[in-house]
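Accompanying notes for the structure given below.
Where a number appears in this text, it was derived from the coordinates with a stated rule and is not lab data. What you see is a predicted model, and the numbers here were worked out from it, not measured in a lab. Don't worry about glycine lacking a Cβ; one is built from the backbone with ideal geometry, like all the others, and counts go over all protein chains shown.
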Amino acid sequence: MTYAPRYHFTHYATDHPDFVAEVLGHGNRRDAALRQIAHAPNRDKQRLLILRFLGHTNFKLLYLLRSVQAKRRLRTHPPEAMRELAARMTATYHFAEYVRTTTVQPAPHKRRRTTFDFGPGKHALQTMVADVIRAMFPLPSGRHFTLEGGVKAALMAVNEHAQHGFIHGIERDIDQFYPSVDLQGLATLLRPLPGSVVRNVIGYRHGDTGLTAMHSTEAIDDAPLPPRGMLAQGSAASPAAAELLVADLLEAMPGDVRVMSYADNILILGETISSIETADAILVGRASEHQCGPLGLKPRKECLITGPSGINFLGHDGYWNGSRIQWMPDTAATNHILQAIELSTNEREGALDQVRNAIQRLRHWQRGYVWEDGQEETERFSAQLWAKLAFNAPHLSREYILAIRSVTNYFQRHHSRHGEYPDLADLLPDFADANERRGKRPAFIRDIENRLGIPLRPSETEA
């Protein structure tokens, strides 16, 4: 079977230069319109500018082009199709477009969750609304990191606060955050954003949001908001709306603590235990009574940054070295991925994707900003994941071959640096006896050694 070559944005721009130049030329006008929304003199004027922005054909084309690119559908969306789809897009009323749903379990210790893959039209509208929310409600810097700086900035902020004596911490996670949000309360919080936009773009409703593989959203009229709406996991507008909700939740925090958030993770740091306990009680109270809730909080996790256990935050373990926090990957999270790989064959669907995602995280960890051990540790963790996958994958399957190749490359790099090959027992700590399994080493170990030219041991040549 042959596959068509990838069709990138550069190819699209070459095939349709006039259209691309026309659409991208509206970028400056888009930015000016957002500034007008941000500085509108009153709510009525702001609402008018919002509706004008969301209905502007050229702006819809600009966002749609980027969404089609993000969805990798440029080949199937020539300019004529783009213009037709943009003409149907409306933020105040649903239009029919397929929404793919996928239910996954990120790790054995986590709940199954349903994510939604919206089509390019809906994704473009969601991105437009997200930009409007950010223009309307600028958030204080140094506190909310989902959209500003990400994990890197959040961990750097934790270290900075710890250096100033804020070493006691309480972490809270919002339980089932997106499904718990009350859409009517969110519409109130986001005023003057029209309620129809909250319902049709930010909120997601369907008769069955369960395990159906694909369905289309129905067109609905401007009916009253349902008592319980849903922020969809996978919507481009959900993070902006959720970030604003969390900011409102944390607005009443006392001044003697430092508070920061990333997605549904909230960390309270203080100089004393009593200060963070007081702030935590305020947080619990506001969450239970919030207009977008009630919002449930998971049991709190306490830490002393300068203590032996350090701090665990956003998938990282941090340990105090006397002057600052040294961060490293959360090995517990890696172990959960290893456990998922050890499932039976029919339960291992997506294991390769889990490994790739984990390795991508490891590479982010390695890029220098928090993890000093960097290269060596990244490669060892990655090789451990690949070795586990090879051990459990069907022999000569695509996953097996890719894993064997990756582990072999790790062995060669290690040998070139240190003059010897690493011990596979370090990659497979639960595989203590190298000669178990009927007196022979596992097949994937032999494959690796054959690739490296390592001769078999005498015990392995015996019948």
Worksheet item: For the stretch 160-201, what is the charge dipole size about the Cα centre, in debye to the nearest 20, if Lys and Arg each add +1 at the Cβ and Asp and Glu each add -1 at the Cβ?
Response: 300 debye
Worksheet item: What are the ³J(HN,Hα) values, in whole Hz, obtained from phi via the Karplus relation 6.51 cos²θ - 1.76 cosθ + 1.60 with θ = phi - 60°, for each residue of the stretch 27-37 in sequence order, with x given for Gly and Pro?
Response: x, 5, 5, 4, 4, 5, 5, 5, 5, 4, 4
Worksheet item: Working out 0.36 nm times the residue gap between D18 and E271, then minus their Cα-Cα distance, what length gain in nm do you get to one decimal?
Response: 85.1 nm
Worksheet, complete the sentence: With the 8 Å Cα cutoff and a minimum separation of six or more residues, the stretch 285-328 has a relative contact order in percent of 20 percent
Practice prompt. Using θ = phi - 60° and the Karplus relation 6.51 cos²θ - 1.76 cosθ + 1.60, list the HN-Hα couplings for the stretch 245-261 in order, rounded to whole Hz, with x at every Gly or Pro.
Written response: 4, 5, 4, 5, 5, 8, 5, 8, 5, x, x, 8, 10, 10, 10, 9, 9
